[in-house]
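The values are calculated or read from the model by the stated rules, or taken from the named source; none is laboratory data. The structure displayed is predicted, hence computed values, not measured ones. Here the Cβ positions follow ideal geometry from the backbone for every residue, glycine too, while neighbour counts run over all protein chains shown.
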């Protein structure tokens, strides 16, 4: 392929931080893949909360920039030294950095994963980042074991809907919080042992009642500002609060002495990149997620939008009215 000829391509880009009005569907030429890169014709693109953080500037990216962290597609070209792949391979990625909201993309081969036959392109785009997030949260940040009582906020959301199913396979008792009766029904179907409608009931009082005052071993909190402070109240001594998102906004600072006063608690703010920092970790994490999919964990794709309608997809996500996963179709 001539490296001076750029492929025709359309992408969602931002030129300034802000609301969904900043999303522009426009030409974004793609050159031939460089050394160590693979060119992917994308077939499905995942939508995640981190995309909205990049758009708003909470997690700034270079401007102008293409949003998006994960996608699936077909290999169409290889750069030199891009070993392990061939044209026609079905692949996916979620740790290659921003740039997934596009039709064609060059991806570092080191960040690309081959898809097994039992995982569809849409499943991969909808769940790879979320599933690998579940893997490091449940197996490595706090290794959940049979008998643990776990509180998972947003249990019917994109990550929550997958995590609840995995937690039940690990033998945990799962308490989930949700924002509506519809989501409560969904969370129960996913496997939650107890569901709390946090907008109607005090989740702290409910969790303490469920656990007879003992509290839970771990809280997984992607909500942030609305819940993080109070999540500390439901932990048993030496329990862990895992803060991995900010759906309601940046949480208030927590004084380390508060952790001591409430029972020598642990607080961590992990991110996926630090748990898949090597090729071996990336492959191991992905393999664990693919195995759970093969074991019957269901990926619920609640909505599919055309790439041009990325603003509507992000609005649906930010409204916290959606359940399951959202994908863009390029």
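Annotations
- Qualifying residue in the stretch 143-150 (condition: more than 20 Å from residue 229 (Cα to Cα), in contact with a helix residue (DSSP H, G or I) (Cβ under 7 Å, 6 or more places away or on another chain) and at pLDDT 95 or above): yes
- Residue in the stretch 111-126 that is more than 22 Å from residue 279 (Cβ to Cβ) and surrounded by 22 or more Cβ atoms within 10 Å (Cβ to Cβ) present: yes
- Residue 95 crowded, with 17+ Cβ neighbours inside 10 Å, in contact (Cβ under 8 Å) with a residue 24 or more places away in the chain, touching a helix residue (DSSP H, G or I) at 6+ places or on another chain (Cβ under 7 Å) and part of a loop (DSSP other than H, G, I, E, B): yes
- For the residues 110, 100, the requirement of being part of a helix (DSSP H, G or I), over 23 Å from residue 294 (Cβ atoms) and at pLDDT 95 or above singles out 110.
- Across the stretch 51-68, the number of residues qualifying as in contact (Cβ under 8 Å) with a residue 60 or more places away in the chain and surrounded by fewer than 24 Cβ atoms within 10 Å (Cβ to Cβ) comes to 3.
- When the test is whether a residue is in contact (Cβ under 8 Å) with a residue 60 or more places away in the chain and either assigned to a loop (DSSP other than H, G, I, E, B) or in contact with a helix residue (DSSP H, G or I) (Cβ under 7 Å, 6 or more places away or on another chain) (or both), residue 273 does not pass it.
- If only residues of the stretch 166-180 that are in contact (Cβ under 8 Å) with a residue 40 or more places away in the chain and crowded, with 24+ Cβ neighbours inside 10 Å are counted, the one that is nearest to residue 201 (Cα to Cα) is 177.
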